[in-house]
Amino acid sequence: MLDKKVAELINTQVNKEFYSAYLYLDFANYYKDAELSGFSNWYQVQAQEERDHAMLFIQYLQNNGEKITLEAIAKPDRVFEDFRGPLTAGLEHENYVTGLIHDIYDAAYSVKDFRTMQFLDWFVKEQGEEEKNASELVKRFDLFGHDPKGLYMLDSELAARVYTAPSLVL
């Protein structure tokens, strides 16, 4: 049985991950409306990843006999004035999610819940990759995105991204 605080934090994380998927779908729609289908694709893949992260947290709670409480998902409310906006917002959001994962890890550590810590190790690593990808995308946009040809090439490259489901064994 999970510690009550750890279980609550994980349940909250389920909802945060679904919000992340919702947020990235909003970014995808923004880019789709701007005819940047590659950027849209990149964030559609991000949304799929976040949804699967939520499902992994749900499965972990269920495997530990915990009840899941789904909350309402807030509507993303950012208005962007340029194509860089969602990229920097995405990086900020990934930094925020990393902090949430660290909080759960810290709570598990404080009660010596080694099984949950081991489960979270995958998410700690994943968040490092998410932050790296988001940071590199901002940097690449800054290098190439202000030139129409560079923006076209970057958009074409992002269109090639495909979704790969996580391979975390619970």
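The values are calculated or read from the model by the stated rules, or taken from the named source; none is laboratory data. In this text, all values refer to a predicted model and were calculated from it rather than measured experimentally. Using ideal geometry, Cβ is built from the backbone for each residue, glycine included, and neighbour counts are taken over all protein chains shown. The protein model used for the area step is the full one, side chains on, heavy atoms only, and it has no ligands, DNA or RNA in it. Shrake-Rupley method; radii C 1.70, N 1.55, O 1.52, S 1.80 Å.
Miscellaneous remarks
- The listed peptides 157-164, 32-39, 74-81, ordered by packing as a protection proxy, come out as 32-39, 157-164, 74-81 (highest mean of other Cβ atoms within 10 Å first).
- Among Q62, Q48, Q13, the largest mean-square fluctuation in a Gaussian network model of the chain (Cα springs under 10 Å) belongs to Q62.
- P(r) of the range 2-157 over all Cα-Cα pairs, binned every 5 Å from zero, in whole percent: 2, 9, 17, 21, 16, 12, 9, 7, 4, 2, 0
- With a 1.4 Å probe rolled over the protein heavy atoms of all chains, the accessible area of M117, M1, M153 falls in the order M1, M153, M117, largest first.
- The phi torsions of the range 2-10, fed into the Karplus equation with coefficients 6.51, -1.76 and 1.60 and a -60° offset, translate into couplings of 7, 4, 4, 5, 4, 4, 5, 5, 5 Hz, rounded to whole numbers, with Gly and Pro shown as x.
- To put it simply, the accessible area of the chain at a 1.4 Å probe is 53 percent carbon and sulfur.
- Karplus-derived HN-Hα couplings along the range 122-135 (A = 6.51, B = -1.76, C = 1.60, θ = phi - 60°), whole Hz, x at Gly and Pro: 4, 5, 4, 5, 4, 5, x, 5, 4, 5, 4, 4, 5, 5
- Euclidean distance between Cα centres, the range 111-132 to the range 150-167, Å: 25
- In Å², nearest 10: area of R115 left accessible to a 1.4 Å probe: 130
- In degrees, nearest ten, helix 37-63 long axis to first principal axis of the chain (Cα): 0
- The residues of the range 1-108 present an accessible area of 50 Å² per residue when probed at 1.4 Å with all protein chains retained.
- Using a probe of 1.4 Å on the protein chains alone, the accessible area found for W122 is around 60 Å².
- Estimated [θ] at 222 nm from DSSP helical runs (n ≥ 4, -39500 (n - 2.57)) normalised by residues in the chain, nearest 500: -26500 deg cm²/dmol
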